[in-house]
Amino acid sequence: MTRKVILFIAQSLDGYIAKRNGSVDFLNHDNGYALDVDRQYDKLTEHIDTVIMGRTTYDQVVNELSPDAYPYVDYQSYILTSHELPDTEHIHFVNDDVTDLVTRLKAQPSKKDIWIIGGSTVVNPLMNANLIDTLQIGIVPVVLGSGIPLFNETIDPKRLTLVDAKKVNNIAYLEYRP
């Protein structure tokens, strides 16, 4: 069974995954409506065993979003970085080309999939190499006006197929496949 590569990420309505300063505080919004239980993240994590992210995203996770406990301890984490850092049992710091890393991991036997976390420096090369099997994008109903985009000018034009759309707590979850 070939492992799937899944991009699961949230962005503002105008396409930004973070503010210019890297803040993602807009993701924790109170829309004033009764909150339903959002199980989209839980559904994803049931069938993954590997996460891949860039160093900037990793630093944000361990320093801002979850400074007391690394949230991905149940998975093998691959952090793309040019800095030499010591690996742990589940965290691997690699200075590999992201397409080479994903190709290698995708070929490994596993019944679980690979989750891509992060921005355009990780996502764009994988999209350009046709290595992302599913894009699950949560659209948060906030317009930022500027920030860090999910895709940048290095992305090749792509046509995708919308395979699912859900609304949970005023967030639109859209699932696309190439």
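All of the numbers you see were taken from the coordinates with simple rules; none came from a lab. Note that the structure is a prediction, hence the values are computed from the model and not measured. A quick note on method: Cβ atoms are made from the backbone with ideal geometry, for glycine too, and the neighbour counts reach across all protein chains shown.
Modelled this way, with points 7 Å down the Cα-to-C-beta line, the labels at E89 and T161 are 4.2 nm from one another. So what is the 222 nm mean residue ellipticity for the chain from helices alone, if each DSSP H run of at least 4 adds -39500 (n - 2.57) and you divide by all residues, rounding to the nearest 500 deg cm²/dmol? The helix contribution divided over the chain gives -4500 deg cm²/dmol. Highest mobility in the GNM of the chain, judged by mean-square fluctuation with C-alpha springs under 10 Å and restricted to R39, R20, R55, is found for R39. In order along region 118-130, the Karplus-derived 3J(HN,Hα) couplings, from 6.51 cos²θ - 1.76 cosθ + 1.60 at θ = phi - 60°, round to x, x, 5, 5, 9, 6, 4, x, 5, 5, 5, 8, 6 Hz, and Gly and Pro are given as x.
Once backbone amide H atoms are built at 1.01 Å from N, Q76 has T50, V51 as its partners under 5 Å, excluding neighbours fewer than 5 places away on the same chain.
Classify region 52-144 from the C-alpha gyration tensor, please: rounded if a/c falls under 1.5, else prolate or oblate depending on whether a/b exceeds b/c. Because its axes are fairly even, with a/c under 1.5, region 52-144 counts as rounded.
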